[in-house]
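Below: one structure, written as structure tokens.
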Amino acid sequence: MKCYLIRHGATKGNQEGRYVGSTDEPVLSEQLEKLIKLKSILSPVDYVFTSPYLRCRQSAQEIFSGFITAPEVIWDFREIDFGEFEYKNYQELNGNIDYQRFIDSGGTIAFPGGEEPEHFKIRCCYAFLSCVRKARDQGFTVLGFSLHGGTIMAVMEALGIPSKDYFAYQVKNGGGYEAEVVWEPRLQLLTKTTISIL
């Protein structure tokens, strides 16, 4: 089974270097136009899963329209809850004691008032596994996923081949991975190629 894990197009917050988690902002119009380029390099998909946030749903429509009628929204694919850091950037957080503590931890501790990174990773992986098993039961062979950068990183860190840490699987907006599902000895994702439209 082939899987395309694509990060949504860039938003205003992305371009300003902000922590965009629960802020439900749209993809910039010029960025939506860029996503159309992906259609020429992706195989037709049988089914599409997406995060509930607008930026992912919009991206799914641009990237996968014509292949399927409508993507299935998966609640647990939403981006991590950044808590008090939500929609702030480095300049605004510089000097914040909690932010420095987070940086010093290598991004492993919970965001103040937000989500534990390990909890986030687990929910993303369980959601992905559930989608893949559903697709297998339906006989689908090519899947599209319109996701957040953090969601992709969580899934690939846990299941990706080659094995890399979370931050090594970062992708730009409109980029992602083409991977093949390997079922034995356990479900893993064999990276075939890195996708980029830039």
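Coordinate-derived values only; no laboratory data. Model, not experiment: these values are computed from the prediction. When we count neighbours, we look across all protein chains shown, and the Cβ atoms used for this are built from the backbone with ideal geometry, even at glycine.
Residues of the stretch 171-198 falling in the label zone of D165, defined by backbone nitrogen less than 20 Å from a point 7 Å along Cα to beta-carbon, are 171-172.
Shape of the stretch 135-187 from its Cα gyration tensor (a ≥ b ≥ c, root eigenvalues): rounded if a/c is under 1.5, otherwise prolate when a/b > b/c, or oblate? It would help to have the intermediate numbers written out before the result.
Values: a/c = 2.52, a/b = 1.35, b/c = 1.86.
The shape class here is oblate.
Using just its DSSP H runs of length 4 or more, each adding -39500 (n - 2.57), the chain gives a mean residue ellipticity at 222 nm of -10000 deg cm²/dmol after division by all residues.
What pairs from K37/K121; K39/K121; K12/K34 go past 26 Å between their alpha carbons? Before the final figure, lay out the partial values.
Working: K37/K121 30 Å; K39/K121 29 Å; K12/K34 15 Å.
From K37/K121; K39/K121; K12/K34, over 26 Å: K37/K121; K39/K121.
Amide H contacts of I195 (H built 1.01 Å from N, in plane; Pro and chain starts excluded): G176, Y177, E178 sit under 5 Å, all sequence-distant by 5 or more or on other chains. Rounded to 0.05, the FRET efficiency of the S65 and E180 pair, given R0 = 22 Å and the Cβ-Cβ distance, is 0.35.
In which sequence would M153, M1 go, from the one with the fewest C-beta neighbours within 10 Å to the one with the most?
Details: M153 26, M1 18.
The order, fewest Cβ neighbours first, is M1, M153.
Which shape class applies to the stretch 1-157: rounded if a/c is under 1.5, otherwise prolate when a/b exceeds b/c and oblate if not, where a ≥ b ≥ c are the square roots of the Cα gyration tensor eigenvalues? It comes out oblate by the Cα gyration axes.
Ranked by how many other Cβ atoms sit within 10 Å of their own Cβ, fewest first, the residues R18, R7 fall in the order R18, R7. Restricting to the chain, what percent of DSSP beta bridges are antiparallel, rounded to 5? In the chain, approximately 50 percent of DSSP beta bridges are antiparallel ones.
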